[in-house]
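Written out below as structure tokens is the structure these notes cover.
The values are calculated or read from the model by the stated rules, or taken from the named source; none is laboratory data. Keep in mind that what you see is a predicted model, and the values were worked out from it rather than measured. Note: ideal-geometry Cβ built from the backbone for every residue, glycine included; neighbour counts use all protein chains shown. Side chains are part of the model used for accessible areas, which takes the heavy atoms of the whole protein and leaves out ligands, DNA and RNA. Shrake-Rupley method; radii C 1.70, N 1.55, O 1.52, S 1.80 Å.
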Amino acid sequence: MSCQTALPIVDSALHGNILVLTLNNPPVNALGVEIRRGLLAAIDGAGDNPAVEAILLVGAGRHFCGGADIREFGKTPQAPTLPEVVQRIEDSSKPVLATIQGVALGGGLEVALAAHYRLATGSARLGLPEVLLGLLPGAGGTQRLPRLIGARAALELMLSGRHLSAEEALGLGLVDRLGDSDDALAEGLAYMRQLLAQGATVRRTRDAQALNEHTAQRQAIDAARQQATQKSRGLLSPLHIIQAVEAALDQSFEDGLREERRLFLECLDSPQRAGLVHAFFAEREVLKAPETRAAAPRAIARVGVVGGGTMGAGIAVTALDAGLEVTMIERDQDALNRGRGNLEKVYDSLIDKGRLTQADKAATLARFSASTDYQDLAHADLVIEAVFEDMAAKLAVFAELDRVCKAGAVLASNTSYLDINAIADSVSRPADVIGLHFFSPANIMKLLEIVVPSKVASDVVATAFELAKKLRKVPVRAGVCDGFIGNRILAVYRQAADHMMEDGASPYQIDQVLRDFGFPMGPFQVTDLAGGDIGWATRQRKAATRDPRARYVQIADRLCERGWFGQKTGRGYYLYPEGPRSARQDPEVLAIIDTERARAGIAPRSFSNPEILRRYMAAMINEGANVVHEGIALRPLDVDITLIHGYGFPRYRGGPLKYADQYGLPQVLADIREFAEEDPLFWKASPLLVQLVERGENFDSLNHSH
Ligand code: 3HC
Ligand code: NAI
């Protein structure tokens, strides 16, 4: 090593005749403006420096580069742009090698693609995940990658956003060589010296030939377009990616780059990009609950699950899949057999689909045991109760847990609505009691509401967050109230849907509007999937405490009285003559709705699709605001993540409170006040919404206060 120059966060050091440029911007070396300036200056400097024969690009720390600095999107752009920097790298007259350790994602991979040679260490992961942020690779990736590996493979990578392993990247010709060790600098220097010894010169990706086989490339593009049109449901960036790759095939490199830039800027300006970037950061912010900073988690290796029904079995699968030991407790041998059966069904269906072998199943189940004796939970580090939604049943279970569990065991309930403070107060160790609210199917759904009762110890909350990480769930901290964050908000927007149905909209119209908005299913389809009997039981339980002045739509009760519980009974709001995929509208349901309208003295009116959306969203946003106002959710972004990961809210819209910011809070408030003229009891503007409008602020202004 002979000299060290100080460029802002691009470290530059000469190793013999090789200039090593190290991207140094922890934690992922994102390509913010200073890195871009530093890189440009360093590359230009290298060109002018006769002592430099070749350039090696590496990343400081664990990663090569996580791409463009996502925090800059939506702000005023600052020169130089990433495409300029990348072009300057490719144009270098001295050979450039990128050595990739950790990730090379997005702009990070585009930098590597502009280098003339690429080496990846064994730990490397490469990808162009821009599509997940509503973007396309905008620094030449859509033009260089297809030239290097062909349109089909390039499109697959860009449209899925998935990460490739180093071996896969080598197989595709995306990298030239794999390193023997994870020491990126040593590996890079050795390879560069070898290249120089062999007389290697610059080799520009723009000149690669993989697009030459024109017909096959065209077919790949057509096939991708057909699939994306069907699958991408209103998303802009997948179709833009395909258009950019088509430009790579049909146009010169320079024209293709211009087209890529135009399409990139369109994506950058779209609300979809804003929604997806919001979701990206919100998913990371939800991990930062105050207790996770205040306390270290307790160790969790052995988990007990009480109840082997829908939820208990799903939770057991999740825990087993995370490598934990699981003991299931049921009330008698028959129920236990059913519980084990529920659990095995999950693995058997994976075996049927060819995604698991019998040997895998056996290996997993070796960590599973089942019992009717609570004593078998004596060594559990954490127990999750998932018995019937009935306070007496839960209290009986917790009394047993209090009796048998070791000191320091975390005692959790999966209750959907019940008061966890009351459960905590029933045992001798309330500080160990917490809510872990999974969603059905628990082994698939990502959301985990961590419900924090008043007496819980901070390290128990921290343990719950650590558990979520192990189980690969998205945790959201929630306070105790009826329904916590998600089900409480659901109850309100679901009522808004029922009101519209009774006032004249058909359930089929309402479902269609919400599907068009981006939900995978409308609210009545969801009821049919979950089972109408669940809501019916809840309504019966709450009948005594319902405000007698509040509007109560009885249509769902009429269906349930007929035993029409949805998919599992072959009919609900829809008819299912041949299983779940055969849903049809049901004239008898429409007749029942008509009868109910007449009984309630309502003359039906028609609803436009935008009005349906306005009412549904206003109800959801208003209750979301209440949940934040009361401190049940820490921030608006916690509501957004709950609705995205537990209730099918379209991710590209960023969640209901992000959507509200985009729609405009004054307009949401005006909508609510308009609807309140008909039903002031249901439509009461949240105090938080009123305050924000008065202050001229939005929900996002509250996302950064913790
Ligand atoms: N820009 C800005 N911040 C970023 C970032 C980026 N590209 N990537 C990660 N970060 C931040 C995270 O927000 C987080 O911040 P925090 O500590 O304040 O919460 C921190 O870096 C660490 O991130 P993770 O917690 O996600 O760390 P992991 O080690 O789990 O994962 C990762 C690392 C795989 C790089 C992951 O962060 C990731 O997937 N990042 C996004 C990568 C990406 O999408 N790149 C494409 C950007 S768009 C682009 O390049 C456009 C170009 O084509 C023009
Ligand atoms: P379920 O009826 O499918 O299963 C309950 C199981 O608990 C049954 O197998 C029953 O035998 C067992 N059980 C009852 N009393 C018991 C006792 N004393 N000891 C041991 N086992 C006992 O119910 P499901 O749907 O699994 O719900 C369980 C809990 O999860 C409820 O609190 C529910 O509110 C909650 N929940 C349900 C969701 C869903 O979508 N089904 C979603 C999230 C939470």
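Give the residues of the range 250-277 that are touching a Leu at 6+ places or on another chain (Cβ under 8 Å) and within 12 Å of ligand 1 (Cβ to nearest atom), sorted by residue number. First the steps, then the outcome.
The first filter runs over the range 250-277 and keeps only residues touching a Leu at 6+ places or on another chain (Cβ under 8 Å), leaving 260, 263-264, 266-268, 270, 272-273, 276-277.
Once the filter is applied, which keeps residues that are touching a Leu at 6+ places or on another chain (Cβ under 8 Å) and within 12 Å of ligand 1 (Cβ to nearest atom), the range 250-277 yields Glu260, Leu263, Phe264, Cys267, Leu268, Arg273, Leu276, Val277.
Quick one: count up the residues across the range 429-478 that are of a type in the set (Gly, Ala, Ser) and over 17 Å from Leu634 (Cα atoms).
5
Quick one: count up the residues across the range 267-291 that are closer than 20 Å to Gly646 by Cβ, part of a helix (DSSP H, G or I) and among the charged types (D, E, K, R).
Here the count works out to 3.
It is to be established whether one or more residues within the range 492-501 are under 30 Å from Gly601 (Cβ atoms), without any contact (Cβ under 8 Å) to a residue 60 or more places away in the chain, within 27 Å of the chain's Cα centre (by Cα) and within 16 Å of ligand 2 (Cβ to nearest atom).
Checking the range 492-501: at least one residue is under 30 Å from Gly601 (Cβ atoms), without any contact (Cβ under 8 Å) to a residue 60 or more places away in the chain, within 27 Å of the chain's Cα centre (by Cα) and within 16 Å of ligand 2 (Cβ to nearest atom).
If the requirement is being open to solvent by less than 50 Å² (accessible area, probe 1.4 Å) and touching a residue at least 60 places away in the same chain (Cβ under 8 Å), which of these qualifies: Leu82, Leu31?
Only one candidate passes the filter, namely Leu31.
How many residues are surrounded by 20 or more Cβ atoms within 10 Å (Cβ to Cβ) and of a type in the set (D, E, K, R) when one looks only at the range 463-493?
Number of matching residues: 3.
Considering Arg615, Arg599, Arg673, Arg653, which residue is under 30 Å from Pro475 (Cβ atoms), of a type in the set (Lys, Arg) and out of contact with any strand residue (DSSP E or B) (no Cβ under 7 Å at 6 or more places or on another chain)?
Just one listed residue meets the conditions, Arg653.
Can you name the number of the only condition in (1) in a helix (DSSP H, G or I); (2) in contact (Cβ under 8 Å) with a residue 60 or more places away in the chain that Arg515 fails?
Among (1) in a helix (DSSP H, G or I); (2) in contact (Cβ under 8 Å) with a residue 60 or more places away in the chain, Arg515 violates only (2).
Filter the range 346-363 for residues that are in contact (Cβ under 8 Å) with a residue 24 or more places away in the chain and either open to solvent by 20 Å² or more (accessible area, probe 1.4 Å) or in contact with a strand residue (DSSP E or B) (Cβ under 6 Å, 6 or more places away or on another chain) (or both) and give the result.
Val346, the sole residue that qualifies.
Here is a yes/no grid of residues against (1) of a type in the set (A, V, I, L, M, F, W, C); (2) within 16 Å of ligand 1 (Cβ to nearest atom); (3) at pLDDT 95 or above:
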residue: Met521; (1), (2), (3): yes, no, yes
residue: Ile534; (1), (2), (3): yes, no, no
residue: Arg539; (1), (2), (3): no, no, no
residue: Thr545; (1), (2), (3): no, no, no
residue: Pro548; (1), (2), (3): no, no, no
residue: Val553; (1), (2), (3): yes, no, yes
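Among what's in the range 539-557 and is of a type outside the set (Asp, Glu) and under 16 Å from Ala497 (Cβ atoms), pick the residue that is surrounded by the fewest Cβ atoms within 10 Å (Cβ to Cβ). I'd like the intermediate steps shown before the answer.
From the range 539-557, those of a type outside the set (Asp, Glu) are 539-546, 548-556; that's our starting set.
Those left that are additionally under 16 Å from Ala497 (Cβ atoms): 539, 550-556.
Details: Arg539: 15, Ala550: 10, Arg551: 14, Tyr552: 14, Val553: 20, Gln554: 15, Ile555: 19, Ala556: 21.
Once the filter is applied, the top-ranked residue is Ala550.
Please go through the range 412-460 and pick out each residue that is without any contact (Cβ under 8 Å) to a residue 60 or more places away in the chain, in contact with a strand residue (DSSP E or B) (Cβ under 7 Å, 6 or more places away or on another chain) and polar (S, T, N, Q).
Ser413, Thr415
Looking for whichever is away from ligand 1 (no atom under 12 Å from the Cβ), surrounded by fewer than 24 Cβ atoms within 10 Å (Cβ to Cβ) and farther than 18 Å from Glu246 by Cα here; the options are Gly122, Gly127. Which one fits? Break it down into steps so the answer makes sense when it comes.
Numbers: Gly127 fails: away from ligand 1 (no atom under 12 Å from the Cβ).
Step by step, each of Gly122, Gly127 is checked, and only Gly122 is away from ligand 1 (no atom under 12 Å from the Cβ), surrounded by fewer than 24 Cβ atoms within 10 Å (Cβ to Cβ) and farther than 18 Å from Glu246 by Cα.
For Ala120, only one of the following conditions fails: (1) of a type in the set (A, V, I, L, M, F, W, C); (2) over 15 Å from Thr205 (Cβ atoms); (3) under 22 Å from the mean Cα position of the chain (by Cα). What is its number?
All conditions are met except number (3).
Quick check: anything in the range 152-164 within 12 Å of ligand 1 (Cβ to nearest atom) and open to solvent by less than 60 Å² (accessible area, probe 1.4 Å)?
yes
Check whether at least one residue in the range 377-386 is modelled with pLDDT of 95 or more, away from ligand 2 (no atom under 11 Å from the Cβ) and surrounded by fewer than 17 Cβ atoms within 10 Å (Cβ to Cβ), and report yes or no.
Within the range 377-386, one or more residues are modelled with pLDDT of 95 or more, away from ligand 2 (no atom under 11 Å from the Cβ) and surrounded by fewer than 17 Cβ atoms within 10 Å (Cβ to Cβ).
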